[in-house]
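Read the figures in this text as sums done on the coordinates, not as results from a lab. Quantities reported herein were computed from a predicted structural model and do not represent experimental measurements. We place every Cβ from the backbone using ideal geometry, glycine too, and count neighbours over all the protein chains shown.
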Amino acid sequence: MRHFTSVKDLGDLQAALREAFAVKADRFAYHHLGQNKTLIMIFFNSSLRTRLSTQKAAMNLGMNVIVLDINQGAWKLETERGVIMDGDKSEHLLEAIPVIGCYCDVIGVRSFARFENKADDYEEKILSQFIQYSGRPVFSMEAATRHPLQSFADLITIEEYKKVASPKVVLTWAPHPKPLPQAVANSFAEWMNETGYEFVITHPKGYELDPRFVGKARVEYDQRKAFEGADFIYAKNWSAYTDPNYGKVINTDRAWTVDAEKMALTNNAYFMHCLPVRRNMIVTDEVIESRKSLVIPEAANREISAQVVLKKILESL
Ligand code: AN0
Ligand code: CP
C-alpha cells in the first residue's frame, strides 16, 4: 500500500482486521521495519489523539518522527496557484511539499475542510497535492472528506465488543455550537458500508450527507426510532453538506443530545464517539461515563489502526 486516504486503499478489510489484532497482541514485533525511516506528520489543524497515537505507532515500528504544526512556527502557506503573494503568506505549498518530502520517507497530513469552496474540499485539494508533489507515500490524519484512521479504529472497536456477527450500528448527529467537517461521519459511513452490519444514519432534516458516503445505509429522521434495538450508538456532529448551507450550523437542537433515556431505547447499546467531545451538547455526562461508553478503548485503538497503516506503507517502500 503506497497511500492511505480511504478504506479502499487497505484492500481486503477482513485481512486488515486480522492484522490489527495481530499488531495489538504484539505491537513491537516489527520494530526493525521502520529502522532509519522517518515519518513527518504535518498538522494544519489541532489534534490530541492523532498526534500521540500515530507517533506512538511509528515508534513501535522503530521509526523516527518529526511533527510540524503549520500554524505554529512554520511560514504561513499560500495554497492557491497563480496568486500574487503580496499578503501575509511567505511560502507556497508547491515549494513546501517537495521540501518536506526531502527529509522523510513517509508523510502524514491533517488538513480539515475549510468550508470556503465545497468543490475544493470534496476534491481533497490539499491532500492530493501532497500525494502529487511530495514524492513520498502519504496518509490521511483526517482530510477534508474522510478520517480513515479513526474509522479503522472504530471498526476494530466494534469487532472487539460486538455480541452478534452483524450488530445494528447507528450513526447519530448531535448538536455542537461550531461548524464541524463531515469527515468523521462520511468516513464512518464509508467503512460501515464495507461490513455486513445493519447500518442506520439519523439526523435532523438539512444535515443529509453526501450520498456517495451514505451508500446503502438506511436514513431515519426520527432519532428515537433509529435507536430502537441498536447495539452501538456512534454520535458525531457535522455541519450541513447540502447547498446553500454547506459548512453551516443550521440548528443546535439539544433534543438530539444522546442521553440515558434515549440509550434505554436501544439493545443495551455501547456508546461511541471519536473525541474530542463537548459534554452535555453531544452526550450527557451520565452516558459518556457509563459502563457502556467505549470512547477510551476507541482512542486506544487509534495506535493500532495507525500501526497497521504505517506497517503496510513501510512494507511497500
Ligand atoms: C474535528 C472534526 O469534527 O472533524 C476532529 C474530530 C476528530 N473535531 C473538532 O474540530 C472539534
Ligand atoms: N479523534 C481524533 O482524531 O482526535 P484528535 O483530533 O485529537 O486527533
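Could you work out the helix-only [θ] at 222 nm for the chain, with each DSSP H run of four or more residues adding -39,500 (n - 2.57) and the total divided by the number of residues, to the nearest 500 deg cm²/dmol?
On the way: 12 runs with 112 residues, N = 317.
Roughly -10000 deg cm²/dmol at 222 nm, from the helical runs in the chain.
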Spacing of the two label points (7 Å from each Cα toward its C-beta) at Ile296 and Tyr221, in nm: 4.0
Kirkwood hydrodynamic radius of segment 190-258, from inverse mean 1/r over distinct Cα pairs, in Å: 13.1
Footprinting exposure proxy for Tyr122, Tyr221 (fewest neighbouring C-beta atoms within 10 Å first): Tyr221, Tyr122
Dipole of segment 181-225, positive direction: furthest Cα of Met192, Val219, Gln182, with charges on the beta-carbon: Val219
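Round to the nearest 0.05 the FRET efficiency obtained for Glu160 and Asn245 when R0 = 45 Å and r is the Cβ-Cβ distance.
0.75
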Ranked list, fewest to most other Cβ atoms within 10 Å of each Cβ, for Cys274, Cys102: Cys102, Cys274
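Which of the residue pairs Lys125/Lys168; Lys125/Lys236; Lys248/Lys311; Lys162/Lys248 have a Cα-Cα distance greater than 28 Å in the structure shown?
Beyond 28 Å: Lys125/Lys168; Lys248/Lys311; Lys162/Lys248.
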Reach of Lys312 by Cα under 15 Å, taken over aspartates and glutamates that are not fewer than 8 positions away in the same chain: Asp9, Asp12, Glu19, Asp105, Glu303
C-alpha center-to-center spacing [segment 168-215, segment 22-38] in angstrom: 33
Cα convex hull of segment 247-298 - mean projected area over all directions, nm²: 4.2
Length released on extending from Asp253 to Gln72, taking residue separation times 0.36 nm less the Cα-Cα span: 61.7 nm
Cα→Cβ-extended label distance, 7 Å offset, between Ala15 and Tyr103, nm: 3.6
Reciprocal of mean inverse Cα separation for the chain (Kirkwood radius, Å): 20.2
Asp243, Asp259, Asp121 arranged by Cβ crowding within 10 Å, fewest neighbours leading: Asp243, Asp259, Asp121
Segment 203-317 - percent relative contact order, Cα under 8 Å, separation 6 or more: 24
Qualifying lysines (Cα of each under 16 Å from Cα of Lys163; at least 8 residues distant if same chain): Lys292
FRET efficiency, 1/(1 + (r/R0)^6) with R0 35 Å, evaluated for Glu91 and Lys178 via beta carbons: 0.75
Student exercise, the chain dipole from Lys, Arg, Asp, Glu Cβ charges, in Debye to nearest 20: 460
Ala260-Leu317 FRET efficiency (beta carbon distance; Förster radius 45 Å; 0.05 resolution): 0.35
Against the rule of thumb 2.2 N^0.38 Å, how large the Cα Rg of segment 21-75 comes out: 1.28
